[in-house]
Structure formats: structure tokens, C-alpha cells
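One structure is given below, encoded as C-alpha cells.
The values are calculated or read from the model by the stated rules, or taken from the named source; none is laboratory data. In this text, all values refer to a predicted model and were calculated from it rather than measured experimentally. When we count neighbours, we look across all protein chains shown, and the Cβ atoms used for this are built from the backbone with ideal geometry, even at glycine. Only protein heavy atoms, including side chains, enter the accessible area calculation; ligands, DNA and RNA are left aside. Shrake-Rupley method; radii C 1.70, N 1.55, O 1.52, S 1.80 Å.
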Amino acid sequence: MNAPVTIKIGEKSIDLPVKAGSVGPDVLDIGKLYAEAGVFTFDPGFTSTASTESKITYIDGDAGVLLYRGYPIEQLAEHGDFLETCYLLLNGDLPSAAQKADFDYRVTRHTMVHEQMARFFQGFRRDAHPMAVMVASVGALSAFYNDSTDVHDPHQRMVASMRMIAKIPTIAAMAYKYNVGQPFVYPKNDLDYASNFLRMCFAVPCEDYKVNPVLARALDRIFILHADHEQNASTSTVRLAGSSGANPFACIAAGIACLWGPAHGGANEAALKMLSEIGTPDRIPAFIAKAKDKNDPFRLMGFGHRVYKNYDPRAKIMQRTLQEVLSELGVKDDPLFDVALELERIALSDPYFVEKKLYPNVDFYSGIILKAMGFPTTMFTVLFAVARTVGWIAQWREMIEDPGQRIGRPRQLYTGAPRRDYVPLGKR
Ligand code: SDX
């Protein structure tokens, strides 16, 4: 513990404890501030606020570093697979060979959903956005699996966690199949996680489906890149929902709802739409001008980040993966990729973006890869949700298992009307 910081409010001096982490900025513990000084801190976008202590993921935004339980994302993406990353995020260490085999076996054998779930989808219009289907279906899981909703039972927490990680790709594939009017495809236990997902999305009953191992490996890596990311908006939503004791399925549904926003997980869909709208490199300057125009709400989607003030390490890996996928698919020059590369080149040399430290983020290239793989833009954020489910679960469990856990209940700066008396209708 570092020396406390003393702040003076009016005539009162208050010592605020300073806590140091293993890496990263120290924090000022302001828990007693209101009781002792009658004031709140004010930080609406949480730009300077740590909402919790965590041991799961660490980001150094200035250096462009991302660590899952201390391991650099570049090494995990290069040498590991997604289920190994899931084990790491949930348990804190890389699995032994036996632990990995057991974890893979248990996840693989929980990938089917209750058959009644299939009827649940019939209530949607075929053109419903798959994210709407995901929010509803995942929220409904607590109605099917109410034997794993007691958040205070460690066994039920483990069962719910495994069910979520195992079933989220199946539900996502069902949302896609329903959207395109094709029959649902059941998971196959002899396929790895990413291969199973590709098959459940793209196989049809009329012919055998052969998984392309290069695409499966690329998708598995994309899942690793999206697995967790500290206290981002959707993770904070899951933690806040979980702090009330809500069941894990409801908490994950809340996270999916938050992720959908274009400023967050919806940016991959928005970025691809933007690149398609730009169309050709000669139209880039007009869009850069719009992004810089204070009076224009337009932003370069897939650019900028609250934490990264350097290149998002995930975007670098995504760009390399995109080149692998395009080469595997025999795509010599993808016009969207050409526009993206040129947009990045121009933006990174433009003083506006340099001064504001705006770099491509994880969403800038992902849409081009997913489109090349055959996914429609409406499925991009769904895939983000599939990958982020393990991060939400790991963070939710860390919160629930914290002995000091309390319901999250922020205060406010009230600027509305002071007390006033009711005026009868006849006197208004
Ligand atoms: C994700 O939090 C996470 O970790 C999220 C995520 C994860 O893994 O969970 O990394 C996933 O959500 C990535 C981000 C995806 N979103 C986008 O790509 C949408 C476009 N980006 C912006 O909306 C924005 O950059 C945010 C939302 C990502 C960050 O917003 P901040 O931190 O609140 O930054 P800001 O809006 O205060 O912007 C700071 C300045 C502003 O200018 P000034 O008011 O200071 O003059 O930079 C400008 C902004 O206008 N700016 C941009 C811009 N992003 C910020 N200008 C043009 N284009 C952009 N993309």
C-alpha cells in the first residue's frame, strides 16, 4: 500500500488510501469520501475510474499491450487455441495436457441446446437481426437450465459457465440459419470449437460439408482476440447485472445487448458498411474530412479506443489473419481490404488522428475477414459475442466470488428541479 493522498474539502482534510496493482496505474480508494466529506466524485464515462480489482486481463493502452492472465495476446494467438484461452481466463493458468483434454471434452459435450429452444426461434421474423435473437435466446436459457442459476452455489456456477461457453456457438449458428431460412445444423463432437461453428453455420443437409482448416484456424484466432478486454462497456454491464444476484444467463444476455452498440461490438458491422460506402480509395479524403468535422456525428468506425492510444495489438494480428484468409480463398485483391489499408495509411499520417491518438482497433479489419469467410454483416457482432462470452463469464465469476462483493449502485450530480409543491390542474 502506498502513502495515502490527502485532499482538502472546505476546512476538512481527508486521507485517501492509494492501492498499487501488480502492473499499471495506482488507484485512489474513495470509498469513504462521501461519508467523510459529503461529496461524490464525478466521472460519467469512467475515463479515470477503476470499477473493480481484477486479475484477469491487463491492457497498457500507451504501449499497445494486451495480457490475458499475464500472457501476451500475440503468443496466445500464435501458439494456443480458443478453448485453451477459455481455460486460462476461467482458471488463471494455462492447462496441462490432461486438463486441456478434459476441458475440451466437457465443452464439446455440452454444445447441444434443449430441443425446445428450436421452437423459441419460430417467434421471430426471418429478417430479425441475429443480435436480437441472441439477446432473447440467451436470456431465455435460464428458463431451460434453471438447475444452474443459483449464483451462490459454486457447482451451479461452474455448470452454467460450461453451458454458456459450449452453447453460445450453437445458438449463434441457429440465429444465422433461421435468418437465412435454412435448417438448423447440430454440432458434431469430432470437430473442434471453430470448425464446429463453421459447419453449424454453413453445412446444408443436401451435401457433406468439409471444414477448411485454414479458415477454422483463422476463426479460432479471431475468437482468442475477442475473448476478454478488462472492464469494457459490455463486461461492466455483465458485472453490474451480476452484482444484483441475477442469474448468469440473464447477465450474459445483458452483455450481448450492450455489445450490440456501434460504439462497441457493433463497430465491426459498422466498419464494413463504412468501407463499402467509401467503395474506392479516391473517396477516402471526403470521409476523413467528415470524421474530423466537429459538426458531423460521423466517425471512422473501427478507429479509436478509450484505452489504446497506440495501435490495438489485436488489429495487427487481425490484419495478418486477413491476408492468410484472402490467400487461402484465392482472393488476389479485395477492394475492401485495399480501401482499409489506404484509409489506415492516410488516417495515421493525418495530424487530427495523430494528435488524438486514433488507431485502428480490433473492429477495423475483422469485418473484411468475416465477409470473406461468408458471414453476412449482421453476424459480425454475433461472432464477437460468441468469443466474448468466456470473458464475461470469467469476469462475472470473479465478481461473484469476491467476498467483498456488493450491489453496484452509482450516485449522481442532480441538476433537476429542487423540491416544489404540486399545482392543481385548474391553477396551471
Ligand atoms: C470495442 O472498451 C473496449 O475495450 C472495447 C473493445 C473490447 O474489446 O471490448 O475494445 C471493443 O468496442 C472497440 C471500439 C469499437 N468502436 C469503434 O470503432 C467506433 C468508433 N470509435 C469511437 O466511437 C471512439 O473512438 C470510441 C467509442 C471507441 C472511444 O470513445 P472515447 O474513448 O469516449 O473517445 P472520445 O469519443 O472521447 O473521442 C476522443 C476524441 C473526440 O474528439 P474531441 O471531442 O476530443 O475533439 O477523438 C475523436 C472524438 O471526436 N474520435 C474520433 C473517433 N474516435 C474518437 N474521431 C473520428 N473517428 C473516430 N473513430
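Data for the structure
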{"item": "Checking GLU342 against (1) surrounded by 14 or more Cβ atoms within 10 Å (Cβ to Cβ); (2) farther than 22 Å from GLY374 by Cα; (3) within 13 Å of the ligand (Cβ to nearest atom), the condition it does not meet", "result": "(3)"}
{"item": "Among (1) open to solvent by less than 10 Å² (accessible area, probe 1.4 Å); (2) away from the ligand (no atom under 15 Å from the Cβ) - the single one SER234 does not satisfy", "result": "(2)"}
{"item": "THR377 β-branched (Val, Ile, Thr), under 23 Å from the mean Cα position of the chain (by Cα) and away from the ligand (no atom under 11 Å from the Cβ)", "result": "yes"}
{"item": "Residues satisfying the stated conditions in the stretch 397-428, i.e. open to solvent by 100 Å² or more (accessible area, probe 1.4 Å) and polar (S, T, N, Q)", "result": "GLN412, THR415"}
{"item": "Of the criteria (1) crowded, with 20+ Cβ neighbours inside 10 Å; (2) within 17 Å of PHE82 (Cβ to Cβ); (3) more than 20 Å from the chain's Cα centre (by Cα); (4) not basic (Lys, Arg), which one ASN189 fails", "result": "(1)"}
{"item": "Residue satisfying all of: in the stretch 270-316; under 17 Å from the mean Cα position of the chain (by Cα) and either among the aromatic types (Phe, Trp, Tyr) or assigned to a helix (DSSP H, G or I) (or both); surrounded by the most Cβ atoms within 10 Å (Cβ to Cβ) among these", "result": "ALA271"}
{"item": "Residue match in the stretch 199-221 (condition: at pLDDT 95 or above, closer than 30 Å to HIS305 by Cβ and within 16 Å of the ligand (Cβ to nearest atom))", "result": "yes"}
{"item": "Subset of the stretch 69-106 (residues that are crowded, with 16+ Cβ neighbours inside 10 Å, in contact (Cβ under 8 Å) with a residue 40 or more places away in the chain and out of contact with any helix residue (DSSP H, G or I) (no Cβ under 6 Å at 6 or more places or on another chain))", "result": "GLY80"}
{"item": "Residue pairs meeting the criteria (Cβ under 8 Å; at least 6 apart or on separate chains; first without any contact (Cβ under 8 Å) to a residue 40 or more places away in the chain and among the hydrophobic types (A, V, I, L, M, F, W, C), in the stretch 296-318; second in a helix (DSSP H, G or I) and open to solvent by less than 30 Å² (accessible area, probe 1.4 Å))", "result": "PHE298/PHE287; PHE298/ALA291"}
{"item": "Members of the stretch 149-161 that are at pLDDT 95 or above and open to solvent by less than 10 Å² (accessible area, probe 1.4 Å)", "result": "ALA160, SER161"}
{"item": "Checklist (1) within 28 Å of PRO335 (Cα to Cα); (2) of a type in the set (A, V, I, L, M, F, W, C); (3) open to solvent by less than 30 Å² (accessible area, probe 1.4 Å) applied to PHE249, failing item", "result": "(1)"}
{"item": "Count of residues meeting criterion [among the hydrophobic types (A, V, I, L, M, F, W, C), assigned to a loop (DSSP other than H, G, I, E, B) and open to solvent by less than 60 Å² (accessible area, probe 1.4 Å)] in the stretch 25-62", "result": "2"}
{"item": "Considering residues of the stretch 258-269 that are buried (at least 19 other Cβ atoms within 10 Å of the Cβ) and of a type in the set (A, V, I, L, M) only, the residue farthest from the ligand (Cβ to nearest atom)", "result": "LEU259"}
{"item": "Residue among PHE364, PHE384 that is touching a strand residue (DSSP E or B) at 6+ places or on another chain (Cβ under 7 Å) and open to solvent by less than 20 Å² (accessible area, probe 1.4 Å)", "result": "PHE364"}
